[in-house]
Amino acid sequence: MGALQGCQTLAITKNMNSTATATRRAYSRPERPLRRSTGDAILGGVCSGLARRLGVPTRTVRIIAVVTIFFAAVGPAIYLALWIMTIRRGESESIFDRTRSDKREKEIIFVVSIAVIALLIALRTLGLHVLGLFFWVLTLCVLEGLMVWRGSSGDERDHLRGLTTSPLVTSMTDTKGWRGVAIRTGVGIVVGVWGISLLSRVGNEQGAAAYVLIGAVALLLGVLVLFAPWWVSTVRDLTQERRARIRAQDRADMAAHVHDSVMQTLSLIQRAANDPGEVTRLARIQERDLRIWLANPESFGRPTTNPSTLAQAAFEIEREVEDNYGVGVDVVVVGDAQLDDNSSAVLAAGREATINAAKWSGATSISLYIEAEPDQLSMYVRDQGTGFNVDAVPRDRQGISRSIVERMERHGGTAVIRTSPESGTEVELRLPVSSNPS
Amino acid sequence: MSPEKARVFMVDDHALIRAGIKAELAGSVEFIGEADEVAAAIEMIIERSPDVVLLDVHMPDGGGLAVLEGVVERDASVKFLALSVSDAAEDVIAIIRAGARGYVTKSIEGPELIEAIERTAAGDAVFSRRLAGFVLDAFTKGADQLHTTPSMLDPELDQLTPREIEVLRLIARGYSYREIATQLDISIKTVESHVSAVLRKLQLSNRHQLTNWATERRLL
């Protein structure tokens, strides 16, 4: 019985064992074809891609990759080569294919390789033979890195950009964390000391100039590694501060404007609450004011005392009549033109007509319509007030006869006044425009 | 116009404005609902299918334009009358081209607004003075201002007939449809059909630069 039990237990464990192997095998079964992975990628996803292809744990591949860095940097060169040649999971072509099919990219790679090779030859002539293999591999790495940088897809680029904010990197560049500071200081000192030691060999050996060069670069690099984070964070703080200052400035401008205009008007309206006419007038002024400000905040506050176009002159009339007579003026301008003597005359006559309407018609709003056509300028001033009898206006009242009719005639135009008690008054001003303005 | 009152839905994010308009139109139209935000407005308009939607142009989350686009893509038969404090050219052009049947400013008088709502409900177009001015400016002032070569323009859609120009000019001068009919010795129905034709041209015209034009001339 005991044996039986034991047998059963054995069977169970055996069973469990086999399922475990099954899952393990399913997990690590070699996968074809070789693809760079997207999910558990640290850099290009080459290691985990390789691991899947070969059916070995990802970590093993990664450790091998890191170790090979120390064999004349052959590891990184192979890594980058795989990065370029292997298609990323979910994409249709590799970085190498992409680069090859783009003329501009090919040119860039070509130019950079020429430059790097030229540099290498220059270093060799300076007498630097020690770094032979290492340097060639490094060159390869640089070119491959360049291809990755230029040719990676948008998706991959996002992934790489994400790396710069990963905990590992931020802890390195963070000015506060002790670990980052320690790592950085260590690296900085090692590189810097190496540079100094190279520099100190000057004069003792052949190829001294090359050591000076590399030593100086190394020293510089060391200093950079040591101080870069502080510099970066200072720049970042400065930008943030500037941005905040601009925001504050905007707010202040806005607040100042709202206070100067809207708040003042509201308090005036409260004081004039029992005078509907005054309230309407204030509200209208404020509305126009805000409209102009919204449309063009820059020019706001600079009164157009010298309007240079028809539209500006028309809005000037609107402003003047609304402010002085408390009657709304609604301006519509079609086409626009620079003001000259003749059109100024039309505007002046129109202004007179508008003021007349504001004073006498009893209408609450006046429509002003100006249209500039190539061959004529027309202006209509219309109110829906009480109308008046043109003939009944005494001759000595100069408004209509002299300011409107005669002025238009002097400039070669016409003025027609239509008025009736039912439909109000419309003053029509027309001025032919010479087709060749001198 | 029609014996039944128009069923109106109002979209405006200011409760005060909604209350004011309702008070002014009370008895003349039938309010079947109101909304103060874009998403809710779209749902309720689709659900209740009003005759006319009174639409505020400036609201958070995309404004009247978002409501208009959201509703039109699901039910193109809803008629919109835009009602706004702003009559900046680019707002007007954008909202009309998106499918609104008319555009009036909030300073409009009660009776005129009622007339505009009835006209919209009947499927006609409602042009404010300023909108008429914009259209005249955009359609008659030559292609050079629009950076469009004349050959790109479709004469059917991109040009106004002399009669349409005449009608628009009278609207811009401040005439009501009735006054225009008297002035031109035609019926009000004819005036309405001219204005509807202009609206159609404004919406279908391939003057892609209409909005650019509007932005350039925003002060007018």
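The values are calculated or read from the model by the stated rules, or taken from the named source; none is laboratory data. If you're wondering where the values come from, they're calculated on a predicted model, not measured in any experiment. With ideal geometry, Cβ positions are generated from the backbone for all residues, glycine too; neighbour counts draw on all protein chains shown. Areas reflect the complete protein model, heavy atoms only, side chains present, ligands, DNA and RNA absent. Shrake-Rupley method; radii C 1.70, N 1.55, O 1.52, S 1.80 Å.
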Does any residue of the range B:102-117 turn out to be in contact with a Lys or Arg (Cβ under 9 Å, 6 or more places away or on another chain), modelled with pLDDT of 85 or more and not in a helix (DSSP H, G or I)?
-> yes
Those residues of the range A:268-281 which are surrounded by 10 or more Cβ atoms within 10 Å (Cβ to Cβ) and part of a helix (DSSP H, G or I), in sequence order | A:Leu268, A:Ile269, A:Arg271, A:Gly277, A:Glu278, A:Val279, A:Thr280, A:Arg281
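When you check B:Thr149 against the structure, is it at pLDDT 85 or above, loosely packed, with under 15 Cβ neighbours inside 10 Å and not hydrophobic (A, V, I, L, M, F, W, C), yes or no? Explain how you work it out, then say what you get.
Numbers: at pLDDT 85 or above: no; loosely packed, with under 15 Cβ neighbours inside 10 Å: yes; not hydrophobic (A, V, I, L, M, F, W, C): yes.
In short, no.
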Counted residues in the range B:199-220 being within 14 Å of chain A (Cβ to nearest Cβ) and either part of a helix (DSSP H, G or I) or at pLDDT 85 or above (or both) come to 4
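Quickly run through the range B:127-141 and pick out the residues that are more than 7 Å from every other protein chain (Cβ to nearest Cβ), in contact (Cβ under 8 Å) with a residue 40 or more places away in the chain and in a helix (DSSP H, G or I).
Start the filter on the range B:127-141 by keeping residues that are more than 7 Å from every other protein chain (Cβ to nearest Cβ), which leaves B:127-128, B:131-132, B:134-135, B:138-140.
Checking which are in contact (Cβ under 8 Å) with a residue 40 or more places away in the chain leaves us with B:127-128, B:131-132, B:134-135, B:138-139.
Matches in the range B:127-141: B:Leu131, B:Ala132, B:Phe134, B:Val135, B:Ala138, B:Phe139.
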Restricted to the range A:409-438 and to residues being at pLDDT 85 or above and among the charged types (D, E, K, R), the residue most open to solvent (accessible area, probe 1.4 Å) is A:Arg410
So which residues in the range A:44-59 are surrounded by 16 or more Cβ atoms within 10 Å (Cβ to Cβ) and of a type outside the set (Val, Ile, Thr)?
-> A:Gly44, A:Gly45, A:Cys47, A:Ser48, A:Gly49, A:Leu50, A:Ala51, A:Arg52, A:Arg53
Which residue, of A:Arg284, A:Arg245, A:Arg251, is open to solvent by less than 70 Å² (accessible area, probe 1.4 Å) and of a type in the set (D, E, K, R)?
-> A:Arg284
Is at least one residue of the range B:163-184 open to solvent by less than 40 Å² (accessible area, probe 1.4 Å), touching a Lys or Arg at 6+ places or on another chain (Cβ under 8 Å) and modelled with pLDDT under 85?
-> no
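Give the residue, chosen from A:Arg89, A:Arg62, that is closer than 20 Å to A:Cys47 by Cβ, touching a Cys at 6+ places or on another chain (Cβ under 8 Å) and surrounded by 14 or more Cβ atoms within 10 Å (Cβ to Cβ). Step through it out loud before you land on a result.
Details: A:Arg89 fails: touching a Cys at 6+ places or on another chain (Cβ under 8 Å).
Step by step, each of A:Arg89, A:Arg62 is checked, and only A:Arg62 is closer than 20 Å to A:Cys47 by Cβ, touching a Cys at 6+ places or on another chain (Cβ under 8 Å) and surrounded by 14 or more Cβ atoms within 10 Å (Cβ to Cβ).
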Hey, B:Val67 among the β-branched types (Val, Ile, Thr), open to solvent by 20 Å² or more (accessible area, probe 1.4 Å) and within 20 Å of B:Ala39 (Cα to Cα) or not | no
Can you work out which of the residues in the range B:71-88 that are open to solvent by less than 30 Å² (accessible area, probe 1.4 Å) and out of contact with any Ser or Thr (no Cβ under 7 Å at 6 or more places or on another chain) is nearest to B:Val38 (Cα to Cα)?
-> B:Val71
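Please report, ordered by residue number, the helices (runs of 4 or more DSSP H) entirely within the range B:9-90 with at least 2 residues that are in contact (Cβ under 8 Å) with a residue 40 or more places away in the chain, under 20 Å from B:Ala116 (Cα atoms) and over 18 Å from the mean Cα position of the chain (by Cα). Talk me through it step by step, then tell me what you get.
Working: elements: B:15-25, B:38-48, B:63-72.
It comes to B:15-25.
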So, in the range B:100-112, of the ones that are under 12 Å from the mean Cα position of the chain (by Cα) and not basic (Lys, Arg), which residue ends up nearest to the other protein chains (Cβ to nearest Cβ)?
-> B:Thr105
Enumerate the pairs (first residue in the range A:264-279 and without any contact (Cβ under 8 Å) to a residue 12 or more places away in the chain; second residue anywhere and not in a loop (DSSP other than H, G, I, E, B)) with beta-carbon separation below 8 Å, excluding pairs fewer than 6 apart on the same chain, so at least 6 apart or on different chains.
-> A:Ala272/A:Glu278; A:Ala272/A:Val279; A:Ala272/A:Leu282; A:Ala273/A:Val279; A:Val279/A:Ile269
Any hit, the range A:203-216, residues being at pLDDT 80 or above and open to solvent by less than 60 Å² (accessible area, probe 1.4 Å) = no
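Residues checked against (1) more than 22 Å from A:Ala337 (Cβ to Cβ); (2) in a strand (DSSP E or B); (3) at pLDDT 90 or above:
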site: A:Tyr369; (1), (2), (3): no, yes, yes
site: A:Pro374; (1), (2), (3): no, no, no
site: A:Ser378; (1), (2), (3): no, yes, yes
site: A:Val381; (1), (2), (3): no, yes, yes
site: A:Thr386; (1), (2), (3): yes, no, no
site: A:Asp391; (1), (2), (3): yes, no, no
site: A:Arg395; (1), (2), (3): yes, no, no
site: A:Ser401; (1), (2), (3): yes, no, no
site: A:Ile404; (1), (2), (3): no, no, no
Give the number of residues within the range B:91-114 that are touching a residue at least 40 places away in the same chain (Cβ under 8 Å), open to solvent by 10 Å² or more (accessible area, probe 1.4 Å) and small (Gly, Ala, Ser).
-> 2
Residues of the range A:309-353 classified as in contact (Cβ under 8 Å) with a residue 60 or more places away in the chain and in contact with a Gly (Cβ under 6 Å, 6 or more places away or on another chain), total | 0
Residue within the range A:351-362 that is assigned to a helix (DSSP H, G or I), modelled with pLDDT under 85, acidic (Asp, Glu) and open to solvent by 40 Å² or more (accessible area, probe 1.4 Å) present = no
